[in-house]
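First up is the structure itself, then whatever we jot down about it.
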Amino acid sequence: MGFFNFGFQVVVVVLISYCSFVSFVVYGNKIRSNVIPSTLDGPFEPRTVPFDVSLRGNAVDLPDADPRVRRRVKGFQPEQISLSLSATYDSVWISWITGEFQMSNHNKNITPLDPKSVASVVRYGTLRNPLNHEAKGYSLVYSQLYPFEGLQNYTSGIIHHVRLTGLKPDKLYYYRCGDPSIGALSDVYSFKTMPVSSPRSYPKRIAVMGDLGLTYNTSTTISHVISNKPQLALLVGDVTYANLYLTNGTGCDCYSCSFPNSPIHETYQPRWDYWGRFMQPLVSKVPLMVVEGNHEIEKQVGNQTFVAYSSRFAFPAKESGSSSTFYYSFNAGGIHFVMLGAYIAYHKSSDQYRWLERDLANVDRFITPWLVAVWHPPWYSSYNAHYREAECMMAAMEELLYSYSVDIVFNGHVHAYERSNRVYNYTLDPCGPVHIVVGDGGNREKMAVGHADEPGNCPDPATTPDQHMGGFCALNFTTGPAAGQFCWDRQPDYSAFRESSFGHGILEVKNQTWALWTWHRNQDSRSTVGDQIYIVRQPDKCPVRYKQTERWFASI
């Protein structure tokens, strides 16, 4: 293949499953509307879709009076019910909240609800009736505290987490959660377990979202996700944007502008409860796997951070050998997902890095051929918003991920969509992963529009280090087309496609070498495609580090 393919016709016929073929025609870099390109045709000439100015001004938060965010249960009936996966197919977590949150000025005492006063029970089975299995879990209450006059402290309702084990793969289960001893049980919900980990079995659809928030655009995103019927959902950080609200519930678009002398950056915790209620129709049936973003930091008294994030979600940290909710891994059929923390130490001597080395070394690519990595701020983004902000994380971890042949990377943080060519160390590399930025879920901070390669948009390098992790690693490029510059003077070669629009993505892994990635814009129907490509693994050309296990499917 040439550096870019254009000016000639290529006809490709490839095996994408064990009994069917797909063919497509590429005329240079122009693909017929009814034909889906693949990474085998790349690297692609960079393409930018012009920004639709009519999309401005739509990032308006749902008000607290919206019926979708109001509390609809009474007493200790469960609400905000959600699912998350454990490390393997035979286990899932079910989470919910009972009781009402409390808010009060700092000089007034709040008596937290007693977690032991309400049991954490899930009844479940493969039949709706009877639900002949029962599991018990644990519960907790957390607080967001501000020791300053005029700021409102928050204490949550009782948060329950129950882990179901011994489940069968690819099986529909029904469940109710709550405390049967006080008659406080939920309605009956259902979920489907992940398929067994093997090169021949995959979830049918995986939804990928980032930077959701709780706006009317969020509502469109989630509506489209639900209509696409995913079996699993990934949220790549920035969940509720509760920290854009003062503790009195008033929104604040520019906190530092309005409150330059504020003793601490407030965060209005009830928006977490609003978000949990809004999301329940999806996440009570579809497991949601979350990684932290910068809007989850939510600093409070005692320099505590990420308390709401770590309390409200269940993570397969312990099951995957992690000691932190900020990084963990899990399998979904023949895919191994690695969820990484960009706001916790990631240098080579850190706990996270050592965990990642162990986790990757234990991945059996004969069993889970696909390796997908997820974290919040992107390494490869050509927008001027957050440009090269995560360079220190990239310097620490990119070589390790590349050496284990990570196939796809999902990020958020930049409020736009961008898909890369295969890339490593800013150089086009057929063995590098495809980096996909989906920070366009619908949050109130609006979309990123400007590109760093446009005249006057290149940021001052001194402004680029991540404000939360510190460090300065982004320097002028020393080689390649941008040598001697901090920004490219055109859309970078690594950037294959970019568009400023709210939306979400769907990943459909077809077999051990082919996966279909589709990005949907909010302004279109969910069946209209904004970007689509087959991501193709080439283990024959890009050797992976295999565990020394029997190649039981070598005849495939």
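The values are calculated or read from the model by the stated rules, or taken from the named source; none is laboratory data. Since we're looking at a predicted model, the values are computed, not measured. Cβ sites come from the backbone with ideal geometry, for glycine too, and all protein chains shown count toward neighbours. SASA here: full protein model, heavy atoms, side chains in, ligands and nucleic acids out. Shrake-Rupley method; radii C 1.70, N 1.55, O 1.52, S 1.80 Å.
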| Rounded, prolate or oblate: which fits the chain, taking a ≥ b ≥ c as square roots of the Cα gyration tensor eigenvalues, rounded meaning a/c under 1.5, else prolate when a/b beats b/c? | oblate
| task | Determine the dipole magnitude for the chain: charges of +1 sit on the beta-carbon of Lys and Arg, -1 on that of Asp and Glu, nothing else is charged, the reference point is the Cα centre, and the result goes in debye to the nearest 20. | result | 1920 debye
| query | Could you sort MET103, MET394 by accessible area so the largest value comes first, with the probe set to 1.4 Å? | reply | MET103, MET394
| query | How many Å³ per residue does the convex hull of the Cα positions in the range 242-289 occupy? | reply | 87 Å³
| Residue by residue, what Karplus-based ³J(HN,Hα) values in Hz, rounded to whole numbers, does the range 440-451 have, using 6.51, -1.76 and 1.60 with θ = phi - 60° and x for Gly and Pro? | 10, x, x, 4, 6, 7, 6, 8, 7, 10, x, 10
| remark: Checking the range 397-492 for chymotrypsin sites (Phe, Trp or Tyr not before Pro) in a loop per DSSP with at most 16 other beta-carbon atoms within 10 Å yields PHE472, PHE477
| query | Considering only protein heavy atoms, what per residue accessible area in square angstrom results for the range 357-408 with a 1.4 angstrom probe? | reply | 24 Å²
| said: Can you tell me which lysines have their Cα less than 18 Å from the Cα of LYS510? Leave out same-chain residues fewer than eight positions away. | reply: LYS204, LYS229
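What does the helix-only formula give at 222 nm for the chain: each DSSP H stretch with n ≥ 4 adding -39500 (n - 2.57), the total divided by the residues, and the result rounded to the nearest 500 deg cm²/dmol? The partial results should precede the final answer.
Values: 6 runs with 60 residues, N = 556.
Taken over the chain, the calculation gives -3000 deg cm²/dmol.
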| query | Roughly how many nanometres apart are two label points built 7 Å out from the Cα toward the Cβ at VAL188 and ASN228? | reply | 3.1 nm
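On a 1.4 Å probe surface of the protein chains, which of LEU475, LEU172, LEU244 comes out largest in accessible area, and what is the full order?
LEU475, LEU172, LEU244
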| field | Neighbour net charge for VAL225 - beta-carbon separation under 11 angstrom, K R +1, D E -1 | value | +3
| field | Net charge of neighbours whose Cβ lies under 15 Å from the Cβ of THR479, counting Lys and Arg as +1 and Asp and Glu as -1 | value | -2
| Ordered by residue, what ³J(HN,Hα) values in Hz, to whole numbers, does the range 421-433 give under the Karplus form 6.51 cos²θ - 1.76 cosθ + 1.60, where θ = phi - 60° and Gly and Pro are x? | 6, 5, 8, 8, 6, 6, 10, 4, 8, x, 9, x, x
| field | In order through the range 453-463: 3J(HN,Hα) via Karplus (6.51 cos²θ - 1.76 cosθ + 1.60), integer Hz, x for Gly, Pro | value | 8, 7, x, x, 9, 5, x, 5, x, 5, 8
| query | Under 5 Å between amide H atoms, partner at least 5 residues away or on a different chain: which partners does THR240 have, H built in plane at 1.01 Å? | reply | GLY213
| request: Could you check how much of the accessible area of the range 387-484 is carbon and sulfur, as a whole percent, using a 1.4 Å probe? | output: 52 percent
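If you roll a 1.4 Å probe over the range 183-284 with all protein chains in place, what percent of the accessible area is carbon or sulfur? List each step's numbers first, then the result.
Details: 1550 of 3160 Å².
Result for the range 183-284: 49 percent of the exposed heavy-atom area is carbon or sulfur.
For the range 59-143, which trypsin sites (Lys or Arg not before Pro) are in a loop by DSSP, counting at most 13 other Cβ atoms within 10 Å? All intermediate terms of the calculation are to be shown ahead of the outcome.
Values: sites: ARG68, ARG70, ARG71, ARG72, LYS74, LYS108, LYS116, ARG123, ARG128, LYS136; in loops: ARG68, ARG70, ARG71, ARG72, LYS74, LYS108, ARG128.
Taking the range 59-143 and a limit of 13 other Cβ atoms within 10 Å, the loop trypsin sites (Lys or Arg not before Pro) found are ARG70, ARG72, LYS74, LYS108, ARG128.
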| task | Considering only protein heavy atoms, with the full assembly of protein chains and a 1.4 angstrom probe, order ASP41, ASP429, ASP187 by accessible area, largest first. | result | ASP187, ASP429, ASP41
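Could you look at the range 332-379 and say what percent of its accessible area is carbon and sulfur, using a 1.4 Å probe and all protein chains? Each step should come with its number before you reach the end.
Details: 620 of 1180 Å².
Solvent-exposed carbon and sulfur of the range 332-379 make up 53 percent of the total.
Whole number in Å², please: accessible area per residue of the range 261-316, 1.4 Å probe, ligands, DNA and RNA not counted.
On the way: 1510 Å² over 56 residues.
The answer is 27 Å² per residue.
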| said: Can you give the FRET efficiency to the nearest 0.05 for LYS136 and ARG354, using r as the Cβ-Cβ distance and R₀ = 30 Å? | reply: 0.35
| field | Within straight-line cross-link reach of LYS318, lysines at Cα separation under 19 Å, skipping those fewer than 8 residues along the same chain | value | LYS136
| said: Amide H of ASP179 versus every other amide H placed in the peptide plane: which residues, excluding those fewer than 5 positions away on the same chain, fall under 5 Å? | reply: ALA184, LEU185
| request: Amide H neighbours of GLN485 under 5 Å, at least 5 residues apart or on other chains, H built in the peptide plane: list them. | output: PHE477
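Under 13 Å from the Cβ of MET194, count the other residues' Cβ atoms, weight Lys and Arg +1, Asp and Glu -1, and hand me the total. Display every interim value, and only then the final one.
On the way: positive: LYS168, LYS171, LYS192, LYS204, ARG205; negative: ASP90, ASP170.
My count for the surroundings of MET194 gives +3.
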| Roughly how many Å² is the accessible area per residue of the range 118-198, as a whole number, for a 1.4 Å probe? | 44 Å²
| query | Nearest-5 percent of antiparallel DSSP beta bridges in the range 277-386? | reply | 50 percent
| request: Run the quick spin-label model on ALA361 and LYS116: label points 7 Å from Cα toward the beta carbon, then report their separation in nm to one decimal. | output: 4.2 nm
